[in-house]
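Here's the structure we're looking at; comments come further down.
The values are calculated or read from the model by the stated rules, or taken from the named source; none is laboratory data. A quick note: this is a predicted structure, and the numbers were derived from the prediction, not measured. Counting neighbours? That spans all protein chains shown, and the Cβs are built from the backbone with ideal geometry, glycine included. Ligands, DNA and RNA are stripped out before the accessible areas are found, and what is left, the full protein with its side chains, is counted by its heavy atoms. Shrake-Rupley method; radii C 1.70, N 1.55, O 1.52, S 1.80 Å.
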Amino acid sequence: MKTIIYIICLYLFAGLNISNSQTYNVPEILYYKFDAGTNTTPNLAIPGQGSANADLVNMTMGPTGQFNNALIGNGGTGTGTHLNSGWNMNLGTSGWTISLWINNFPAVTGTSYLFGNDITTSFRCFTNGAAGAGNITLRSNGITNINVTGVLPGPSVVHFVYDAVLSEVRTYVNGTFQSSVPQTPFNFNAAVPFKVGSYGTASSIPVGALIDEFRFYGRSLDAAEISATWNQTLPTGGGQLVNPDRVCDYGLIPQYAGGALGGHASAALGDTLYIAGGSVTTTGVTNPPASVTVTRFSINSNNWSEGRPLPTPKVGGDLVKCGNYLYYIGGGSINLTGASDFFAYRYSQDSGWTSVANIPTAVSGNVAEAWGDSVIYCIMGGWTSYFRGIQIYRPHLNEWSRANDSLPATFGRRSFAGGLQDNKIFVGAGFSGTFRKDFWVGTIGSNANEISWAQKSDVPSRGTGNSRPGGHAVNNRFYVVTGENSPGPNQLDSIFIWSIADSSWLSQVITGRGAQTTSNYWGLISSSVINNKVKIWIPGGFFPASVTSTKLMVLSDSIGCLVTGVQNSVSAVLPGEFSLSQNYPNPFNPVTKINFTIPKQGFVNLKVYNILGKEVMTLVNEVRQAGSYNAVFNGADLSSGVYFYKLEAFGFTDTKRMLLIK
């Protein structure tokens, strides 16, 4: 009780200083905070590459880093003084981002190397010298030098962002854009471990120089994420990713004009799940026309909104994230079983949808998967042709080609479960004139065009096969969300899991879709990883053929089944003024409701902050029609204490306090 009174007193006397601290994921390749260890320091990246604990060779860690400790320079050369990541660079043609904090470097003379490995197939970064006094340069054979000016002696946070789609490197200093350098497309691989604090046999960072928050991402960060994270710690969670173990019901998907329920596709971009195209909702029609509708779901706040429509109707294809873009690949513009078309589209959050190069062979019932940021595989498909080959799109070239190796004859299919992780492609079940349950794993070779296939044990569904399932690979697991089964009954409430590491099906089978067990999932299944937790998104599908509503189902843990969101209250009378009500119940554990009203349509922002004024959750951040609303706030992932919620709309602002007690 004394603790609660003390927290409330802090609020009364300190005032509210609101800032944005949205949670972002940690890097995928390397992440060194230099806060733990003596002769080693942990790689906190997820999933991470190289050694779990990097070796500190004749280097130490100590105070006065960006947030806590830092790597401290000791002079010498890369032969005997460096951090050994244990990672042989395997970026290939994919996009990536490197960021680091630097301080106490000489600003005039003395070339030293911040990071890098072998010169012929990788890159290195150095200070002063050829870079110029006070500057640093990223250099390699065959690329144009990338110079970052005015960052020494520090403190400075520098980002290098390679965008494989645009084939350019962008630089940022302290979260602010500095330059963009066009490049010939990169293809980086190395046969020796990547080093931090040095490079090869060249000069290591000087005595007393500091490096902190070394982050190596396997993707191109956008400006918003850089701005939000350059001076923020990233939540490492201190452990492995948490895999889902149950089905959660997130409620009905709203039906916007021309809303689609089946044959649509989904993918996550940033904190938003996009659902594109599909069959227009038409009661009593078994094969309705294709739709242009795009529906968006905010993963952080669980709010729905209408997105920018597709340029043409699309149904039966797949939506895939590659780099900072979404791509709609395959499908047709007539209806689910109609002719496919050759059109492919790219989506940018800034500019919306644009056309890209036409696909060589028009297919529907296909699966699209991204290999890094530079390759998109369009896997099989063909509603009646049952294509067994793979078409390859390279965004940075805007060109298509074909893989050298296809599945053996008679093993082509459409509307199947597909996925990709690392260099493995997964193909299971589907339809090729008959229902299938065979399962194949393709291994990508030295380049994207080389794929070798091996048949594994069948998808463990009952009967002779399963058509129109969905698949997704994440965190060393491949999930198969079953569709229609043969022989009947057609509905099968089972989600099977293939262990990528063990090359076998797990005994664990997830059920719980119940009456929402549907079909037409092949382009639907996607995932997100937030706060070390994996969520598998299953937005809709349809079974039987004619439906008028469907739900968003999610594979998550028990906490993930507690939904935070905003809904309209049932009221025929429009409110006459803005209002923000006290949450109820209050105190609460862990769920409470917040009611508010807006008398006219406009942009509404409702956010929750902790006692330090840092944002912990966005409940509304979009245009809302006039009406009364209730927001459900779930504090299951937060600690006990005082929180504040703030409503902003049309110049109206109101803030109220609430108390979470666990």
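Data for the structure
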quantity: Filter pass, residue 431 being among the hydrophobic types (A, V, I, L, M, F, W, C) and over 22 Å from the mean Cα position of the chain (by Cα); calculated: yes
quantity: Residue among 419, 433, 428 that alone is open to solvent by less than 50 Å² (accessible area, probe 1.4 Å) and not in a strand (DSSP E or B); calculated: 433
quantity: Failed item, numbered, when residue 448 is tested on (1) assigned to a loop (DSSP other than H, G, I, E, B); (2) open to solvent by 10 Å² or more (accessible area, probe 1.4 Å); calculated: (2)
quantity: Condition met for residue 274 (at pLDDT 90 or above, closer than 23 Å to residue 163 by Cα and out of contact with any Ser or Thr (no Cβ under 9 Å at 6 or more places or on another chain)); calculated: no
quantity: Sole residue being aliphatic (A, V, I, L, M), over 15 Å from the mean Cα position of the chain (by Cα), within 16 Å of residue 523 (Cα to Cα) and open to solvent by less than 10 Å² (accessible area, probe 1.4 Å), chosen from 367, 375; calculated: 367
quantity: Odd one out for residue 463, checked against (1) assigned to a loop (DSSP other than H, G, I, E, B); (2) at pLDDT 95 or above; (3) touching a Pro at 6+ places or on another chain (Cβ under 8 Å); calculated: (2)
quantity: Qualifying residues in segment 190-238 (those that are among the acidic types (Asp, Glu) and modelled with pLDDT of 95 or more) - the one nearest to residue 81 (Cα to Cα); calculated: 212
quantity: Residue 523 assigned to a loop (DSSP other than H, G, I, E, B), in contact with a Lys or Arg (Cβ under 8 Å, 6 or more places away or on another chain) and in contact (Cβ under 8 Å) with a residue 24 or more places away in the chain; calculated: no
quantity: Unique residue being crowded, with 17+ Cβ neighbours inside 10 Å and touching a helix residue (DSSP H, G or I) at 6+ places or on another chain (Cβ under 8 Å) when the list is 606, 647, 659; calculated: 659
quantity: One residue from 401, 406 being open to solvent by 10 Å² or more (accessible area, probe 1.4 Å) and either in a loop (DSSP other than H, G, I, E, B) or basic (Lys, Arg) (or both); calculated: 406
quantity: Scan of segment 618-643 for residues that are assigned to a strand (DSSP E or B) and touching a helix residue (DSSP H, G or I) at 6+ places or on another chain (Cβ under 8 Å), ordered by number; calculated: 641, 642
quantity: Those residues of segment 484-506 which are open to solvent by 20 Å² or more (accessible area, probe 1.4 Å) and touching a Leu at 6+ places or on another chain (Cβ under 9 Å), in sequence order; calculated: 484
quantity: Filtered residue count, segment 384-398, keeping only those that are open to solvent by 30 Å² or more (accessible area, probe 1.4 Å) and over 24 Å from the mean Cα position of the chain (by Cα); calculated: 5
quantity: Within segment 152-194, considering residues that are among the hydroxyl-bearing types (Ser, Thr, Tyr) and out of contact with any strand residue (DSSP E or B) (no Cβ under 8 Å at 6 or more places or on another chain), the one surrounded by the most Cβ atoms within 10 Å (Cβ to Cβ); calculated: 176
quantity: Selection status of residue 345, part of a strand (DSSP E or B), over 18 Å from the mean Cα position of the chain (by Cα) and at negative phi; calculated: yes
quantity: Count - residues of segment 332-355 that are modelled with pLDDT of 95 or more and among the β-branched types (Val, Ile, Thr); calculated: 1
quantity: Residue pairs meeting the criteria (Cβ under 7 Å; at least 6 apart or on separate chains; first among the basic types (Lys, Arg), in segment 132-155; second part of a loop (DSSP other than H, G, I, E, B)); calculated: 139/123; 139/145
quantity: So residue 474, is it more than 22 Å from residue 46 (Cβ to Cβ) and among the aliphatic types (A, V, I, L, M); calculated: no
quantity: Among residues of segment 87-131, those that are open to solvent by 20 Å² or more (accessible area, probe 1.4 Å) and without any contact (Cβ under 8 Å) to a residue 24 or more places away in the chain, counted; calculated: 3
quantity: Among (1) open to solvent by less than 10 Å² (accessible area, probe 1.4 Å); (2) out of contact with any Ser or Thr (no Cβ under 8 Å at 6 or more places or on another chain), the one test that residue 381 misses; calculated: (2)
quantity: Residues within segment 2-47 that are crowded, with 19+ Cβ neighbours inside 10 Å and modelled with pLDDT under 70, tallied; calculated: 0
quantity: Boolean, residue 229 is open to solvent by 10 Å² or more (accessible area, probe 1.4 Å), within 30 Å of residue 326 (Cβ to Cβ) and hydroxyl-bearing (Ser, Thr, Tyr); calculated: no
quantity: Residue ID - farthest from residue 264 (Cα to Cα), chosen from residues in segment 296-342 that are crowded, with 20+ Cβ neighbours inside 10 Å, among the aliphatic types (A, V, I, L, M) and within 22 Å of the chain's Cα centre (by Cα); calculated: 326
quantity: Number of positions in segment 166-191 that are farther than 25 Å from residue 375 by Cβ and in a loop (DSSP other than H, G, I, E, B); calculated: 2
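Residue-by-condition table, conditions (1) over 25 Å from the mean Cα position of the chain (by Cα); (2) assigned to a loop (DSSP other than H, G, I, E, B):
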site	(1), (2)
480	no, no
485	yes, no
489	yes, yes
501	no, yes
